[in-house]
1. Pull up the stretch A:30-44, narrow it to residues that are at the interface with chain B (Cβ under 9 Å from one of its Cβ atoms) and of a type in the set (S, T, Y), then point me to the one that is farthest from A:L115 (Cα to Cα).
2. Go through the stretch A:48-79 and give me each residue that's part of a loop (DSSP other than H, G, I, E, B) and closer than 23 Å to A:Q99 by Cα.
3. Please specify each residue of the stretch B:53-107 satisfying the condition of being within 21 Å of B:D7 (Cβ to Cβ), exposed (fewer than 14 other Cβ atoms within 10 Å of the Cβ) and of a type in the set (A, V, I, L, M).
4. How many residues are on the phi < 0 side of the Ramachandran plot, touching a residue at least 60 places away in the same chain (Cβ under 8 Å), out of contact with any helix residue (DSSP H, G or I) (no Cβ under 9 Å at 6 or more places or on another chain) and in a loop (DSSP other than H, G, I, E, B) if we restrict to the stretch A:8-47?
Amino acid sequence: GAVVSQHPSWVICKSGTSVKIECRSLDFQATTMFWYRQFPKQSLMLMATSNEGSKATYEQGVEKDKFLINHASLTLSTLTVTSAHPEDSSFYICSARAQGRGLHYGYTFGSGTRLTVV
Amino acid sequence: RKEVEQDPGPFNVPEGATVAFNCTYSNSASQSFFWYRQDCRKEPKLLMSVYSSGNEDGRFTAQLNRASQYISLLIRDSKLSDSATYLCAVIRTASKLTFGTGTRLQVTL
């Protein structure tokens, strides 16, 4: 149980375009999902917390107008990288915890999206 | 100071060796603690939660020391398949999971 599906797995886009990444919880409901970014040889950095039915909360230094998050249902959160630039090239990963599940179960991660902006 | 710190390694050990990783966290209000394993270009996968009483899962043993604010992971009888990056993670507030930089392990023949 607790499977998170993330699409696409990889995407190459031109500078200036927007890219949408989807994160779905397949067998559980998630009122909260988290979006991380990981640059090569670095750790996962939390970008924002996605809240179902309300605005996302962003970590310090993350531009909310550039990284648009929508969490319209209990099983789907999307991250849109707007006006992408080469420096946005990174590995983006979502995660979620099943509603009602204790913290000690940890979080389940999507398989990640490798974004390359050319 | 980073919220979660780990020695990045790499740790190069022969098959069969025992290897230990440590991780320190800065905020005493941290609630939950984990070790994740991440293979190259893949998502992290939960290895085990960490409790003050210590917990063991086969060749893996995790320990939490709240007084000193560190977490440890011991891997016995290392296998080639254990080669990966091991990330320690803590939950502090608002259920946010914060990761350390990860420790790279390379097990060799």
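1. Selected residue: A:T32.
2. Selection gives A:E52, A:G53, A:S54, A:K55, A:A56, A:E59, A:L74, A:T75.
3. Answer for the stretch B:53-107, where residues must be within 21 Å of B:D7 (Cβ to Cβ), exposed (fewer than 14 other Cβ atoms within 10 Å of the Cβ) and of a type in the set (A, V, I, L, M): just B:A67.
4. Counting residues in the stretch A:8-47 that are on the phi < 0 side of the Ramachandran plot, touching a residue at least 60 places away in the same chain (Cβ under 8 Å), out of contact with any helix residue (DSSP H, G or I) (no Cβ under 9 Å at 6 or more places or on another chain) and in a loop (DSSP other than H, G, I, E, B) gives 9.
Okay, residues lined up against (1) under 12 Å from the mean Cα position of the chain (by Cα); (2) touching a residue at least 60 places away in the same chain (Cβ under 8 Å); (3) part of a strand (DSSP E or B); (4) more than 13 Å from chain A (Cβ to nearest Cβ):
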site: B:F21; (1), (2), (3), (4): yes, yes, yes, yes
site: B:F33; (1), (2), (3), (4): yes, no, yes, no
site: B:K42; (1), (2), (3), (4): no, no, no, no
site: B:L46; (1), (2), (3), (4): yes, no, yes, no
site: B:S49; (1), (2), (3), (4): yes, no, yes, no
site: B:E56; (1), (2), (3), (4): no, no, yes, yes
site: B:I71; (1), (2), (3), (4): yes, no, yes, yes
site: B:S95; (1), (2), (3), (4): no, no, no, no
site: B:Q106; (1), (2), (3), (4): no, yes, yes, yes
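Laboratory data are not the source of any read-out in this text; all were calculated from the coordinates shown. Note that the structure is a prediction, hence the values are computed from the model and not measured. Glycine also receives a Cβ, built like all others from the backbone with ideal geometry; neighbour counts cover every protein chain displayed.
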